[in-house]
Every structure is written in C-alpha cells, then in structure tokens.
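Below you'll find the structure, written out as structure tokens, and then a few comments.
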Amino acid sequence: MPYIGNTSPSRFVSNRAASVYSGDGSTTAFTLEQAVVQDEDILVSVDGVVQEPSVAYAVSNGTTLTFTGAPSSDAGNNIFVYYLASQVGTAGPPNDSVSTNTLKDSAVTSAKLDISATNNPSFKAYLSGDQAQTQNSVTQVVYNTEIYDSDSAYNTSNGRFTPAVVGKYFVNASVGIDGADANGRIRVFLYKNGSSYAISSSGIGDTDDDGGVLQCTAIIELDADDYVDARVQYTGTDNVVGQQQKTWFEAFKLIGA
C-alpha cells in the first residue's frame with residue numbers, strides 16, 4: 001500500500017532511532033546523536049511526559065537540544081529523544097559488512113579497480129662492447145648500457161640490480177659468446193647477493209652464424225638491500241660478445257605476487 005515518507009530500509013541499519021540522556025537539574029543543553037532540521041523532527045519525553053516542540057525545547061545547529069527549563073535529576077536515564085523525520089538507515093552498507101558472496105559476478109569491472117600499481121622497479125641493459133672471460137671460470141658480465149631504468153636501480157659500473165623495493169622479481173639474462181667453439185659448453189648464472197641462485201647450461205653445436213647464446217630466467221624474491229647480477233662460464237677462450245641482441249639483462253617487479 002502506498003504511503004508518504006521515506007521508505008524504511010530493510011537492512012544496513014546503522015543510525016540510532018532514539019537517544020537517551022540523564023537530567024541533572026541544571027543542564028539545559030544536550031547534543032543529539034543525529035542531526036535534524038526543525039524542532040518537530042524529534043519527539044522528546046522527560047520523566048515520561050511528552051514535551052511540546054518550540055515551547056518546552058528547541059533545536060539549534062542541527063544537533064543542539066535546549067530545554068526551556070532544566071530537566072529534573074533522576075537516578076537513571078529520564079530523557080528520551082525519538083527521531084521522527086529522518087530515515088533510520090544508510091544508503092550504503094556499514095564497514096566490513098560486504099562479503100565475496102554478496103557481490104554480483106559482473107559487478108566489479110576494471111574501471112572500478114585501482115590499476116595504479118606498476119611493474120616498477122624495472123630495467124633493461126646490454127653489453128655494448130666485447131668483454132673478456134676466463135676459460136672455465138665463472139665471470140660476471142657487466143651490462144654497461146641501459147635501455148631503460150625506471151628507478152635508477154641498475155648500476156652500469158658493477159652490473160648489479162638493487163631494486164630497494166621488497167617483492168618478487170622476474171629476472172632474465174642473456175649471454176652471447178663470439179665465435180664459440182663447436183662441442184663446447186656455455187653456462188649462464190643468476191647470482192643473488194654474491195651466491196648462485198639459478199643456472200642454465202647448454203652445449204654448443206654449430207657456431208657458423210651466431211656463436212653460443214644462452215639465457216637464464218628466474219623469479220627471485222628480494223628484500224630492500226638484496227641485489228642480483230649475471231655471470232657466465234664457458235669452456236673456450238672467446239669473449240662475451242658486446243651486442244644488444246645477444247648479451248642483455250632485464251628485470252621487473254611482479255604485481256600481486
């Protein structure tokens with residue numbers, strides 16, 4: 001059946017329908033727990049007697065209830081204020097009241113999500129000139145030319161990536177050996193804080209075109225002061241080739257991992 005006034009909410013009730021106060025025989029002003037517009041928006045009872053709006057009491061500034069005479073002192077709460085004109089409820093649910101099951105499957109779209117997170121820190125660098133390596137020894141490769149470096153986290157002087165941001169990182173290193181010998185072997189390492197973390201190893205067959213080229217990839221969890229670098233071990237004496245397409249180093253932070 002139609003009726004006049006605000007529709008009563010059936011859930012998410014959070015505002016109070018009434019307030020209770022104690023008179024002390026001297027205080028005439030009390031602070032309402034809910035703002036109202038005019039005196040008639042509340043019903044006030046003192047010692048069980050309903051008070052007349054604008055005569056026995058008045059409301060100012062929305063929340064200040066002032067009595068003409070101070071309500072009597074009582075051992076318990078003796079002033080009752082009922083909120084009449086405001087809708088007791090809220091348009092949205094209270095905090096921590098919505099669960100995963102409450103959401104409609106199609107309700108959350110990418111437009112509603114915070115996608116400000118990025119994969120930074122991130123960088124990519126390569127070796128611009130040939131670098132000597134010692135036969136059968138593990139030699140660090142210093143990739144001396146940056147393509148990009150979002151947070152200045154890569155050092156072209158010592159070949160270290162120090163992101164200074166805690167997280168899991170995708171790290172990938174490629175090393176090319178110029179004129180590698182057939183039937184040789186090349187190994188590429190990823191080192192974390194000076195210790196071997198991951199290794200790739202491959203035999204070299206035909207070296208007519210590209211020599212030996214090998215990559216090593218890993219997801220590495222790093223703290224604020226951790227660093228990673230790349231190294232190579234080769235059975236021959238040829239140099240590490242300085243070429244962007246063959247000898248490069250890259251890393252970026254994984255979002256949500």
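The values are calculated or read from the model by the stated rules, or taken from the named source; none is laboratory data. This structure is a prediction, so every number in the text was calculated from the model and none was measured. Quick reminder, even Gly has a Cβ in these numbers, built from the backbone with ideal geometry, and neighbours come from all protein chains shown.
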Exercise for review: Restrict the check to the stretch 185-198 and report whether at least one residue is among the charged types (D, E, K, R), touching a Leu at 6+ places or on another chain (Cβ under 8 Å) and farther than 21 Å from A132 by Cβ.
Suggested key: yes
Practice item. For the stretch 171-178, state whether one or more residues are within 23 Å of G256 (Cα to Cα), surrounded by fewer than 14 Cβ atoms within 10 Å (Cβ to Cβ) and modelled with pLDDT of 95 or more. Key: no
Check your understanding: Is the stretch 227-235 home to any residue that is touching a Gly at 6+ places or on another chain (Cβ under 7 Å), modelled with pLDDT under 95 and not aromatic (F, W, Y)?
Key -> yes
Exercise for review: Restrict the check to the stretch 132-150 and report whether at least one residue is free of Cβ contacts under 8 Å to residues at least 60 places away in the same chain, of a type in the set (D, E, K, R) and in the same structural domain as G236 (by TED's automatic domain parsing).
Suggested key: yes
Review point. Does S202 meet the test of being without any contact (Cβ under 8 Å) to a residue 24 or more places away in the chain, out of contact with any Leu (no Cβ under 8 Å at 6 or more places or on another chain) and not β-branched (V, I, T)?
Key: no
Study note, to complete from the structure: Checking S200, S157, S150 in turn, the sole residue that is polar (S, T, N, Q) and touching a Pro at 6+ places or on another chain (Cβ under 9 Å) turns out to be S150
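With the condition being closer than 22 Å to D149 by Cα, assigned by TED's automatic domain parsing to the domain that holds N136 and not polar (S, T, N, Q), I'd like the strands (runs of 3 or more DSSP E) fully within the stretch 165-227 carrying at least 2 qualifying residues. Give the derivation first.
Details: elements: 167-177, 185-192, 195-203, 212-222.
Correct list: 167-177, 185-192, 212-222.
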**Study point:** Scope the stretch 215-257; condition without any contact (Cβ under 8 Å) to a residue 60 or more places away in the chain and acidic (D, E); matching residues
**Key:** E221, D223
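A quick yes/no check of all residues on (1) β-branched (V, I, T); (2) over 31 Å from the mean Cα position of the chain (by Cα); (3) surrounded by fewer than 18 Cβ atoms within 10 Å (Cβ to Cβ):
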site: Y197; (1), (2), (3): no, no, yes
site: S202; (1), (2), (3): no, yes, yes
site: L222; (1), (2), (3): no, no, no
site: R231; (1), (2), (3): no, yes, no
site: Q244; (1), (2), (3): no, yes, yes
site: T247; (1), (2), (3): yes, yes, no
site: F252; (1), (2), (3): no, no, no
site: I255; (1), (2), (3): yes, no, yes
